[in-house]
Amino acid sequence: MSKKLPFIAGNWKMNLTISGAKALAKSIVKACADLPEAEIVLAPPFTALSKVKKTLEDSSVKLAAQNLFWEEKGAFTGEVSAPMLRDAGCQYVIIGHSERRQSFGETDEGVNRKIKAALKSGVFAIFCLGETLVEREHGETMDVITRQIRGGLEGIGGGELKSIVIAYEPVWAIGTGKTASPGQAEEVHSHIREKLALTYGIGPAECAIILYGGSVKPANSFALLSEKNIDGFLIGGASLEAESFIQITREAIRAYKEKK
Ligand code: 13P
């Protein structure tokens with residue numbers, strides 16, 4: 001994992017059959033052969049991991065899961081562990097997505113346990129955080145983000161930070177068509193980097209990959225990625241169509257080159 005390339009991840013959420021996921025992965029792999037200047041990660045639902053993994057073989061596109069449970073094995077009906085994800089070929093796992101925090105009661109403490117479990121099994125974590133609309137309107141955005149970073153990264157050392165990608169996803173921008181403006185996103189991204197610098201030092205904070213997520217589209221991706229502290233995207237809806245996913249990736253590469 002390196003910050004030399006823009007990092008573009010597609011979160012397919014609870015969508016697609018196995019054959020639909022395979023077909024989408026196939027189209028993306030084909031288009032990505034011409035796009036070596038981006039780190040591309042796809043997160044299909046659990047049921048499609050194995051088939052998508054096969055499709056990604058011989059390509060540079062990486063596989064991610066959308067969740068895990070922190071225990072390694074045992075009587076936890078319905079859960080999937082980090083060693084299982086590793087076995088299924090996942091290099092990454094999304095942890096702490098706001099949909100899991102809101103609909104499944106995930107807490108900062110649980111997110112922290114999940115990140116530690118992923119790293120222990122050699123799976124990179126894509127650690128999501130973000131404020132709700134009410135929190136933003138009450139001027140609490142930075143406090144919420146600070147609390148989520150502290151809680152999520154509690155007890156995690158500087159060496160381990162290299163295995164974590166942070167994704168800032170304002171809850172009010174997810175699936176709503178309301179993207180954060182580049183300035184709004186940059187303000188939070190730079191706050192995240194400052195907080196990382198306080199705990200881990202400037203060097204590791206500068207190396208950290210911080211993604212933006214929330215209604216990313218081909219039309220807004222160039223401006224967002226032109227911001228200094230935005231290193232890539234975590235894309236929901238627009239990642240379900242190969243064409244829009246690839247267009248975003250192209251725009252991201254263009255912005256990244258101009259920024260350097
Ligand atoms: P949308 O791109 O559909 O807003 O979703 C963003 C997201 O939740 C990615 O994890």
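The values are calculated or read from the model by the stated rules, or taken from the named source; none is laboratory data. These figures come from a predicted structure and were not determined experimentally. Ideal geometry is used to build each Cβ from the backbone, glycine not excepted, and the neighbour counts take in all protein chains shown. Please note that ligands, DNA and RNA were not included when accessible areas were found on the heavy atoms of the full protein model with its side chains. Shrake-Rupley method; radii C 1.70, N 1.55, O 1.52, S 1.80 Å.
Some points to look at:
- Annotation: per residue accessible area for the chain equals 45 Å², rounded to a whole number [probe 1.4 Å, protein chains only].
- Helix-only mean residue ellipticity at 222 nm for the chain, each DSSP H run of n ≥ 4 adding -39500 (n - 2.57), per residue, nearest 500: -13500 deg cm²/dmol
- The dipole here belongs to the chain: it is taken about the Cα centre, uses +1 on the Cβ of Lys and Arg and -1 on the Cβ of Asp and Glu, and is about 720 debye.
- Segment Arg150..Glu206, full-extension length gain: 18.4 nm, with 0.36 nm per residue of separation and the alpha-carbon distance subtracted.
- For the range 90-156: relative contact order, % (alpha-carbon pairs under 8 angstrom, 6 or more apart): 40
- The range 181-227: proportion of alpha-carbon pairs further apart than 17 angstrom, %: 36
- Mean-position separation - Cα centroids, the range 1-44 and the range 79-139, in angstrom: 19
- What the Cα atoms of the chain give is an Rg and a Dmax of 16.9, 51 Å.
- Here the contact order of the range 115-188, divided by its residue count and restricted to Cα pairs under 8 Å and six or more residues apart, works out to 41 percent.
- Among the protein heavy atoms of the range 75-118, carbon and sulfur supply 49% of the accessible surface, probe 1.4 Å, non-protein parts ignored.
- If you take the alpha carbon atoms of the range 137-260 and fit the smallest convex hull around them, that volume is 106 Å³ per residue.
- For the range 195-260, the fraction of C-alpha pairs more than 20 angstrom apart is 32%.
- Convex hull volume of the C-alpha atoms in the range 57-140, normalised per residue: 113 Å³.
- Relative contact order of the chain, defined on C-alpha pairs under 8 angstrom at six or more residues apart (%): 20
- Nitroxide proxy distance, nm - points 7 Å out along Cα→Cβ at Lys260 and Thr176: 3.6
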